[in-house]
1. Consider L15 carefully, then state whether it is modelled with pLDDT of 95 or more, crowded, with 20+ Cβ neighbours inside 10 Å and either assigned to a helix (DSSP H, G or I) or of a type in the set (S, T, Y) (or both).
2. Which one is farthest from F61 (Cα to Cα), of the residues in segment 181-196 that are in contact with a helix residue (DSSP H, G or I) (Cβ under 6 Å, 6 or more places away or on another chain) and either assigned by TED's automatic domain parsing to the domain that holds V88 or part of a helix (DSSP H, G or I) (or both)?
3. Among the numbered criteria (1) crowded, with 20+ Cβ neighbours inside 10 Å; (2) part of a helix (DSSP H, G or I), which single criterion is violated by Q119?
4. Look through segment 134-149, keep the residues that are assigned to a helix (DSSP H, G or I) and in contact with a Lys or Arg (Cβ under 9 Å, 6 or more places away or on another chain), and return whichever of them is nearest to L199 (Cα to Cα).
Amino acid sequence: MDENELNNQNFQSGLGFFNQGDFYNAVQIFNALYQKDPTNISYNNFLSSSLFFNKQFDEAFDVLSDMPSTYGDTEDKIEMALKISLEVNQFLFAREFVLKNVKKNIDDKIKIIEEFEKQYLETHIENVKNNQKSLIYLGSGTLLKEQEIKFEQSLTLPFTQWVNAAQIALLDDLVSPLLKSTILEIITRLKYQNKVDYLWIDEKKYSYNPQTGKELLTTTQYKKMLSYLDEINDDSSIYDAVVAYIRMFISIVYPKLNQIPDLNNWVDLLIQKAKGNSDIENLADQLFLKVQDQVDYITKEIS
């Protein structure tokens, strides 16, 4: 018996346990299969469902998070994705999942999420207040890691409470631009309908419209940058580090991407900087020099 036949046999065995309601053994089998092939949609979907019914809710959400786009093709899978995410109070994730992957009765699905949010507000009001404070006072964390912890805590807030607190954080000059970019991306993905103001690293206030903005990964500049990096890949050992550096940098300047006049030249300079060349001073725009200072600070903190 070859490996494919063995995997199929094990999968059928897992289905047997699943259909019998023996979710503990179903988890053992689907998890072993998923560890061997984490790209397999069926392994992922049945593992998350088995974990959920086995009351391993956090683990179920982790598996769902690996492939959320694969849960939008049937009502049963949509329902399971919502059950898993709402069980662990991931209201923003649930909303984004619906907006991205559900084609029919979207308003009905949003109403389900809002009902869970309402119940959560009634039963966990102190948690809501504390997590709102974490986001409102994000800038009180002097280190990026401290701010990231506070930010992660806020992601279990209901949508309205999160957006209200996020708008305050966007105007705090002590909040990392990396996290401000993340906030702008989230409100874009969640299709927030109102403009928001944010204070950027040039100490100026800007207005952002989520309805016309784009996710970082879908912007022309970001795609062009990744394509250019692929073209110049010399398979050197430093390449992965350089790519990580560039991606972090471009996420920080996310609100300013359309102001980069020559993206390839800009990326070249960043690569030189990442490889230890101080020729970054050739950048004419002082805004990006200021961003560079911020990146240097973050890089030192992470290392």
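1. no
2. S181
3. Among (1) crowded, with 20+ Cβ neighbours inside 10 Å; (2) part of a helix (DSSP H, G or I), Q119 violates only (1).
4. L138
The values are calculated or read from the model by the stated rules, or taken from the named source; none is laboratory data. What you see is a predicted model; the values in this text were computed from it and never measured. Cβ atoms come from the backbone with ideal geometry, glycine included; neighbour counts cover every protein chain shown.
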